[in-house]
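Below is one structure, written out as structure tokens, with a few remarks after it.
The values are calculated or read from the model by the stated rules, or taken from the named source; none is laboratory data. Keep in mind that this is a model prediction, so the values were computed, not measured. As a convention, Cβ positions derive from the backbone with ideal geometry for all residues, glycine included, and neighbour counts pool all protein chains shown.
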Amino acid sequence: MKEREREAWEFESYPEGEIAEMVEVYTKKGMNEEDAREIVTKMSKYKDIFLDTMMVEELGMLVPGDDENPAFDGFVTFSSFVFFGLFPLLGYLFTIGSNLSETELFGISICMTGVMLFILGAIKSQFTTQSWWSSGFEILVFGGITASVSFLIGWLVESIISS
């Protein structure tokens, strides 16, 4: 991570300046300067801890762990997107040749989307401290709002283009 490398270089080249920056961060958060200086000075004896703390406190960036794999994380995200994104289309796929109207098919798609959003939220709860129903409801609400806004934007664009 380039930012961490830059912070490490700055810490090695001018540790007093980096210590002063961290003292300033903590005093802005409400700590008195003497306590901030004592804590930061002790922390600066442990370079990795100091740099990781600087990344969070000064730059607002979490340092990825050694076991994190961005390619795998991207693959999981992509696979989830494809898997969960397929369900709204299944209503159309499984009703080919039926006499359902476009409105009825759209309603089926909306219901399937809502169910899958709730299930996705319930699955998410396995990785958080939220209850399954609370997490499911949260994802359902935010996903529903997002889908509604997207639909409205598409509708507006279509009506502007077609007029």
TODO: Could you tell me whether PHE87 is within 19 Å of the chain's Cα centre (by Cα) and free of Cβ contacts under 8 Å to residues at least 40 places away in the same chain?
DONE: no
- [ ] Please list, ordered by first then second residue, the pairs with beta carbon atoms under 9 Å, 6 or more apart or interchain, first in the stretch 145-158 and without any contact (Cβ under 8 Å) to a residue 12 or more places away in the chain, second not in a helix (DSSP H, G or I).
- [x] none
Task: Complete set of residues in the stretch 123-159 that are more than 17 Å from the chain's Cα centre (by Cα) and outside any helix (DSSP H, G or I) - done: SER131
- [ ] Would you check if GLU138 is at pLDDT below 95 and charged (D, E, K, R)?
- [x] no
